[in-house]
Amino acid sequence: EKGGYEHYMLKEIFEQPEAIRNAIRGRVDVERGTAILSGLGLSPRELVEFQRLLIVGCGTSLNAGLVGEYAVEDFAAMLGEVEQAAEFRYRNPIVGSKDLVVAVSQSGETADTLAAVREAIDKGAMVAGLVNVVGSTIAREAGRGVYLHAGPEISVASTKAFTCQVAVLLLVALKLARGRRMSREVGMGIAGEVLRVPELVEKVLESNAAIADVASHFVGYEHMFYIGRGYLFPVALEGALKIKEISYIHAEAYNAAELKHGPIALLDEKMPVVALLNRGPGQEKTVGNVEECRARKAPVLGVITEGDAEAKAACDRVIEVPECSHYIATIVSTVALQLFAYHVARLRGCAIDQPRNLAKSVTVE
Ligand code: F6R
């Protein structure tokens with residue numbers, strides 16, 4: 001049942017190229033530089049008239065939603081917002097008919113996310129589900145949406161759901177962008193990049209042994225920081241969440257710019273820093289932060305673009321991932337951090353598929 005893998009988590013990490021292929025199949029129109037998401041049921045007029053894309057979710061799905069927020073602002077120049085589903089629900093949120101609300105949930109049964117869906121529907125917003133489990137409560141109640149087609153996710157620590165969610169959210173952002181003001185040429189570029197994702201992920205998986213070796217140097221720590229900027233900030237959040245869940249190492253994620261506003265006080269040789277450094281806007285600034293970390297003796301592990309000598313020189317150790325657009329790097333780097341967390345947990349002897357205190361779906365508030 002685990003297909004020869006030691007854990008479901010590892011099996012599902014390795015299923016990602018196929019899962020992402022299924023998630024994007026028939027949904028990328030390279031010729032027209034757009035996405036085909038008929039389940040959203042949006043008319044050309046609606047695409048133009050929405051004033052905001054509001055994304056709600058919890059945990060890993062929330063982290064994927066943050067990539068969606070960045071992408072919709074970046075691609076569509078449209079206001080994007082992401083909110084933790086319970087916060088949204090209990091804040092008497094400002095939401096209405098000018099909003100497209102996307103509820104992101106692997107299981108489709110998360111109580112807080114379901115409550116947020118009901119609240120948004122009550123307030124007159126258009127609500128779509130981005131759900132993996134077919135026929136689940138959120139999928140049914142949202143009434144419209146896009147299924148992930150990632151296949152069953154058994155591991156408590158979510159992996160393939162995240163990367164499929166991000167791939168589909170990029171397509172949602174592309175669709176909104178092309179319905180508004182993005183040119184066909186630019187859209188074609190993004191569509192082409194999304195189609196490359198499965199192959200890029202395959203390349204990361206080929207580094208499994210190298211990542212396991214890197215992980216062996218981080219097994220003995222009790223705390224870690226993860227830092228990234230822009231699109232790589234959600235990756236830092238997701239990387240830190242994975243290591244917490246399965247290895248029980250206390251990890252915190254920061255936007256790299258935030259370090260000097262307080263957290264830097266904690267840095268010393270016992271606080272390794274995982275820095276997301278795959279080329280993208282602001283990378284030189286993150287390299288500067290890495291230097292500040294090392295000046296305080298914090299060991300730095302960089303996730304860098306293959307062949308980036310400058311980033312490599314700035315770090316103590318590196319995981320190299322293939323070159324790609326910065327919005328695609330969200331997926332590629334996350335896969336590297338999933339494997340890193342997996343190997344750290346394995347080497348610490350943790351019960352990876354049965355992390356303590358966690359259940360696969362959180363159906364109580
Ligand atoms: C993390 C994890 C959880 C879930 C969260 C939401 O690995 O699995 O954080 O992402 O409980 O679950 P879904 O996506 O089913 O709504």
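Read the figures in this text as sums done on the coordinates, not as results from a lab. Just so you know, these numbers come straight off a predicted model, no measurement behind them. Using ideal geometry, Cβ is built from the backbone for each residue, glycine included, and neighbour counts are taken over all protein chains shown.
Sorting the segments 195-202, 272-279 by their residues' average number of neighbouring beta-carbon atoms within 10 angstrom, most packed first, yields 272-279, 195-202.
Work through the residues other than residue 81 whose Cβ is under 13 Å from its Cβ and net out their charges, Lys, Arg +1 and Asp, Glu -1.
Working: positive: 52, 91, 98; negative: 69, 73, 83, 87, 99.
Surrounding charge for residue 81 is -2.
The label point for residue 312 and the one for residue 364, both projected 7 Å from the Cα toward the Cβ, are 5.2 nm apart. DSSP beta bridges fully contained in the chain are about 5 percent antiparallel.
Membrane-span-like helices in the chain, defined purely by DSSP H runs whose alpha carbon atoms cover 27 Å or more axially and whose average Kyte-Doolittle hydropathy reaches 0.0, are 160-179, 184-206, 326-347. Once you place label points 7 Å from the Cα toward the Cβ at residue 323 and residue 185, how far apart are they in nm? Using points 7 Å along Cα→Cβ, the separation is 2.1 nm. Charging the Cβ of each Asp and Glu at -1 and of each Lys and Arg at +1, and nothing else, the dipole of the chain about its Cα centre rounds to 520 debye. Between the residues 147, 129, 177, the greatest Cα displacement towards the positive end of the dipole of the stretch 95-221, with unit charges on the Cβ of Lys, Arg, Asp and Glu, is found for 177. Dipole magnitude for the stretch 301-365: about 440 debye, using +1 per Lys or Arg Cβ and -1 per Asp or Glu Cβ, origin at the Cα centre.
Of 90, 226, 70, which has the largest mean-square fluctuation in a 10 Å C-alpha GNM of the chain? Checking each option, the largest mean-square fluctuation is seen for 90. Determine the distance separating the Cα centre of the stretch 218-250 from the Cα centre of the stretch 138-188; give it in Å without decimals. If you average the Cα positions of each part, the centres end up 24 Å apart. Cβ-Cβ distance of residue 295 and residue 219, R₀ of 25 Å, FRET efficiency by 1/(1 + (r/R0)^6): the value works out to about 0.50. Taking each residue as 0.36 nm, the span from residue 356 to residue 140 lengthens on full extension beyond its C-alpha to C-alpha distance by 74.7 nm. Relative to the Cα centre, the charge distribution of the stretch 37-110, modelled as +1 at Lys and Arg Cβ and -1 at Asp and Glu Cβ, gives a dipole magnitude of about 160 debye. Binning the C-alpha pair distances of the chain at 10 Å intervals from 0 yields a P(r) profile of 6, 26, 34, 25, 9, 0 %, listed from the shortest bin outward.
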